[in-house]
Amino acid sequence: MTSTGDFAAGAPPGRRWSGVRIAFLAGMAALLFAAVAVTAFVVIRGDDEPPADGRFAKPPPACESVTRSDAAAALDRPFIDIRPTPDRDGKPRDDTACYVIVPRDEYAPDHPFYERVYVTVQFFVHKSSHQDENVLAAKTLEMTAEGFRPLDGVGDQAYVKDGVIWMRVSNLTVNVRDTPAESEAAAIAFARTLARYLQSR
């Protein structure tokens with residue numbers, strides 16, 4: 001797998017800009033999701049029965065999950081690489097987010113703008129000592145995806161809008177984003193394949 005060093009200082013301008021953009025998208029998704037999760041936590045707190053644990057104690061490795069699921073092969077074009085999402089400085093971050101790189105057909109492989117981000121993926125796990133983690137994840141997802149349309153056949157629960165997908169497998173929530181917003185169908189195929197792998201874990 002290629003290193004995230006492509007986005008470090010000194011990288012070509014196109015790639016450095018892409019790294020900042022990816023970090024920004026991941027950060028915005030995380031902030032939005034965290035805010036909604038706090039609301040859901042308060043709304044559905046239970047008082048009587050012991051909580052049910054979700055399937056995931058922590059997020060699975062994002063890059064490994066995308067690779068093992070073969071989700072990138074479900075896209076509508078060949079891909080070059082699957083890489084962990086860098087932070088704004090181009091440094092590696094924890095493996096809860098990754099992205100899929102595809103080629104730009106109008107450039108040669110040695111051109112600095114040959115590579116582009118096509119799909120980003122980010123994982124969130126819901127843990128609670130006194131609530132059903134699956135219900136907590138489901139309620140959080142409903143609020144996060146307000147205004148999205150339901151998406152059948154993807155994980156335990158999923159919604160889509162303009163190439164952005166929020167889906168759930170047990171207490172794991174996944175954000176899949178078609179960054180150029182070119183092919184929602186390809187993003188859905190990617191998400192469905194990834195969800196099947198996560199359900200099999």
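What is the one condition in (1) buried (at least 19 other Cβ atoms within 10 Å of the Cβ); (2) within 26 Å of F56 (Cβ to Cβ) that D95 does not satisfy?
Only one criterion in (1) buried (at least 19 other Cβ atoms within 10 Å of the Cβ); (2) within 26 Å of F56 (Cβ to Cβ) is unmet by D95, namely (1).
How about segment 161-195: which of its residues are of a type in the set (D, E, K, R) and under 18 Å from G54 (Cβ atoms)?
R168
Return only the number of the condition from (1) farther than 25 Å from A57 by Cα; (2) touching a strand residue (DSSP E or B) at 6+ places or on another chain (Cβ under 6 Å) that P103 does not satisfy.
(2)
Go through segment 120-157 residue by residue and tally those that are touching a residue at least 60 places away in the same chain (Cβ under 8 Å), out of contact with any Lys or Arg (no Cβ under 7 Å at 6 or more places or on another chain) and under 26 Å from P84 (Cβ atoms).
Count: 8.
Of the residues in segment 181-201, how many are assigned to a loop (DSSP other than H, G, I, E, B) and under 15 Å from A72 (Cα atoms)? So that I can check it myself, show each step before the final result.
Taking segment 181-201 as the starting set, the residues that turn out to be assigned to a loop (DSSP other than H, G, I, E, B) are 181-183, 201.
When the remaining residues are screened for being under 15 Å from A72 (Cα atoms), the result is 183.
Counting residues in segment 181-201 that are assigned to a loop (DSSP other than H, G, I, E, B) and under 15 Å from A72 (Cα atoms) gives 1.
Listed residues E106, E142, E146; which is of a type in the set (D, E), in a helix (DSSP H, G or I) and out of contact with any Pro (no Cβ under 7 Å at 6 or more places or on another chain)?
Just one listed residue meets the conditions, E142.
Of the residues in segment 184-201, how many are crowded, with 23+ Cβ neighbours inside 10 Å and over 20 Å from S170 (Cβ atoms)?
1
Restricting segment 164-180 to residues that are part of a strand (DSSP E or B) and touching an Asp or Glu at 6+ places or on another chain (Cβ under 9 Å), which is modelled with the lowest pLDDT?
My answer is D178.
Being in contact with a His (Cβ under 8 Å, 6 or more places away or on another chain) and among the β-branched types (V, I, T) is the filter here, so list the residues in segment 143-197 that pass it.
Answer for segment 143-197, where residues must be in contact with a His (Cβ under 8 Å, 6 or more places away or on another chain) and among the β-branched types (V, I, T): just T173.
Just give me the residues in segment 63-103 being aromatic (F, W, Y) and in a loop (DSSP other than H, G, I, E, B), in sequence order.
Across segment 63-103, the qualifying residue is only F79.
Which of the numbered conditions does K127 fail, given that it passes all the others? Conditions: (1) under 19 Å from G54 (Cα atoms); (2) in a helix (DSSP H, G or I).
Here K127 meets the rest and fails (2).
Q122 - would you say it is of a type outside the set (G, A, S) and not in a loop (DSSP other than H, G, I, E, B)?
Working: of a type outside the set (G, A, S): yes; not in a loop (DSSP other than H, G, I, E, B): yes.
Answer is yes for this residue.
Can you tell me which residues in segment 114-142 are surrounded by fewer than 18 Cβ atoms within 10 Å (Cβ to Cβ) and at pLDDT 95 or above?
Result: E142, single match.
The values are calculated or read from the model by the stated rules, or taken from the named source; none is laboratory data. Here the structure is a predicted model, which means the values were calculated and not measured. Every residue, glycine among them, receives a Cβ derived from its backbone with ideal geometry; neighbour counts consider all protein chains shown.
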